Amino acid sequence: MSQPSVSPASILAATVAMTGLASPAVAQAMTPVQARQTIAPFYEMLNQPASKDIQALAEQILSPEWKSYASETEYKGRDAFVGQVVGFGKLIPDLKWDVKEVMVDGNRIIVRSEASGTPTGPLFGVPVSGKSFRIMTIDIHIIENGKAVTAHHVEDWAGAIRQLTAK
């Protein structure tokens, strides 16, 4: 007779229930639906940003100490990020960030999305051609007390440049 399979998550849940102790990860765990709702204002900022109040959306979702990491050591704060998003909104009026998948791991929200748009000015040194781009992006947001405190992200901007310069 085979033994029933027991997952590490069920062991952790049973331990927490028996001891009355909750770890921070368990206390802050979200469902995928809650994660999608929590992070929605972030992606709202990125969709046609020239048409909205980016600062207000940033204050809704990002803690004042929020850091956006493009590498292990390089980051920008909330105000610099707001300025960048406003700049992208002017340069790419139809910018769209389409969320494809949301995953949750404790207080981390992992988002796979697709960014697309048609630049109306030079983008990363590429002159205006009327062409559009469509690239994959991955973000890992860390949430504390209902607000994002960090984001680690990767966007395929090299792919955008290839698409904009293709003959």
Quiz item: Taking region 103-158, which residues are part of a loop (DSSP other than H, G, I, E, B) and under 15 Å from the mean Cα position of the chain (by Cα)?
Solution: 107, 146, 156
Quiz item: Between a first residue in region 46-69 that is at negative phi and a second residue that is among the small types (Gly, Ala, Ser) and assigned to a loop (DSSP other than H, G, I, E, B), which pairs have beta carbons less than 6 Å apart while being 6 or more apart in sequence or on different chains?
Solution: none
Quiz prompt | region 68-84, residues that are hydrophobic (A, V, I, L, M, F, W, C) and either in contact with a Cys (Cβ under 8 Å, 6 or more places away or on another chain) or assigned to a helix (DSSP H, G or I) (or both) | solution = 80, 81, 82
Quiz item: Within region 140-167, how many residues are touching a residue at least 60 places away in the same chain (Cβ under 8 Å) and of a type in the set (Asp, Glu)?
Solution: 1
Quiz item: Which residue, of 134, 112, 108, is in contact with a helix residue (DSSP H, G or I) (Cβ under 8 Å, 6 or more places away or on another chain), surrounded by fewer than 18 Cβ atoms within 10 Å (Cβ to Cβ), of a type in the set (Lys, Arg) and modelled with pLDDT of 95 or more?
Solution: 134
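The values are calculated or read from the model by the stated rules, or taken from the named source; none is laboratory data. Please read these numbers as outputs of a predicted model, since none were measured by experiment. All Cβ positions, glycine included, derive from the backbone under ideal geometry; neighbour counts span all protein chains shown.
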